């Protein structure tokens, strides 16, 4: 499963801090990070806090990753300016909403603008097409960010996540 | 009422190995007036992010003491971060708000704290440890008291000459990491 594969990549890259805003698409990966003793999962009250967390961790010599849903990308725009000006490395893993098969129209504007907004603020965007491509893409994002001091986002397509309705989401959360 | 530069200067006296993040605006100029250091990270942007940068740094460097000095307007823009820090309970982190009840860089408009909002009470409600507001005791708490510590210090609302740190973000980051991490800064 792709969440397990992402977690293996994060552990191999010596990621120590995981900032996250709870999200159904990231549910499994968040649980894996929470139960990994080499990582500290930090729940955020808004995605913007994760940018400061990552910057502070890097000042202190630790690597981190930031998990959010596409709606959260809108909350980090100005903070990404700091990442660019200071050349902080940053890896953001974004679960997409508002694209293929979306049932909630309120998710569509930000989902459709996610790539544009990230690129406008100087973040390199990787988008794996299938579940099998996710782990290699995260691996590449980690290397680009931490070897080249870049801000990199990996967008996980809604088609791969497979949440199609409120009913499905309720079932997944209840599991 | 106390003057902001005097408060910050006293808090940073003999700072030793203390790591310092200063929020956008007057507090960045205040820590520079007290003596620029590579172990200071003054923010020229990122309003609302100072406390979270302090958390990231405190978690990455559990053996070092970390101080965030910021203004009331900057703290108000990141109030949620107090809740986030309260969950993590970093014992080595202190936040001091230099509270002049004004947005000093934009024309001295009043902030919420001029109208009754009590930042100490918010921080306490989020799980921060209260500190003495007497400056020598507060300085001691910053270095020794198990945190997360929080104190808002009321100061005079005054326009005073700017004392500017280096402006380039990449330079400020690189000098901080070199000073803290030594040659390992390049191989992490």
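The values are calculated or read from the model by the stated rules, or taken from the named source; none is laboratory data. Model, not experiment: these values are computed from the prediction. In this analysis, Cβ positions are derived from the backbone assuming ideal geometry, glycine residues included, and neighbour counts consider all displayed protein chains.
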Looking at B:30, B:6, can you tell me which residue is surrounded by 17 or more Cβ atoms within 10 Å (Cβ to Cβ) and modelled with pLDDT of 95 or more? B:30
Options B:62, B:148, B:166: the member that is crowded, with 17+ Cβ neighbours inside 10 Å and either within 14 Å of another protein chain (Cβ to nearest Cβ) or modelled with pLDDT under 95 (or both): B:148
(1) within 19 Å of residue A:134 (Cβ to Cβ); (2) in contact (Cβ under 8 Å) with a residue 40 or more places away in the chain; (3) touching a strand residue (DSSP E or B) at 6+ places or on another chain (Cβ under 8 Å) all hold for residue A:39 apart from (2)
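Conditions (1) under 13 Å from the mean Cα position of the chain (by Cα); (2) touching a residue at least 12 places away in the same chain (Cβ under 8 Å), marked per residue:
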site: B:6; (1), (2): no, no
site: B:14; (1), (2): no, no
site: B:24; (1), (2): yes, yes
site: B:48; (1), (2): yes, yes
site: B:58; (1), (2): yes, yes
site: B:65; (1), (2): yes, yes
site: B:75; (1), (2): yes, yes
site: B:78; (1), (2): yes, yes
site: B:85; (1), (2): no, yes
Provide a single number: the residues in the range A:23-51 that are within 13 Å of another protein chain (Cβ to nearest Cβ), in a helix (DSSP H, G or I) and either touching a helix residue (DSSP H, G or I) at 6+ places or on another chain (Cβ under 7 Å) or crowded, with 23+ Cβ neighbours inside 10 Å (or both). 4
If the Cβ limit is 6 Å and pairs must be 6+ apart or interchain, which residue in the range B:91-110 that is on the phi > 0 side of the Ramachandran plot pairs with which residue that is in a loop (DSSP other than H, G, I, E, B) and modelled with pLDDT of 95 or more? B:101/B:111
Residues of the range A:6-22 satisfying the condition of being at the interface with chain B (Cβ under 10 Å from one of its Cβ atoms) and buried (at least 23 other Cβ atoms within 10 Å of the Cβ): A:17, A:19
Members of the range A:52-71 that are surrounded by fewer than 24 Cβ atoms within 10 Å (Cβ to Cβ) and part of a helix (DSSP H, G or I): A:71
Here are some conditions: (1) over 14 Å from residue B:18 (Cα atoms); (2) more than 9 Å from chain A (Cβ to nearest Cβ); (3) at pLDDT 95 or above; (4) surrounded by fewer than 24 Cβ atoms within 10 Å (Cβ to Cβ). Residue B:73 meets all but one. Which one does it not meet? (4)
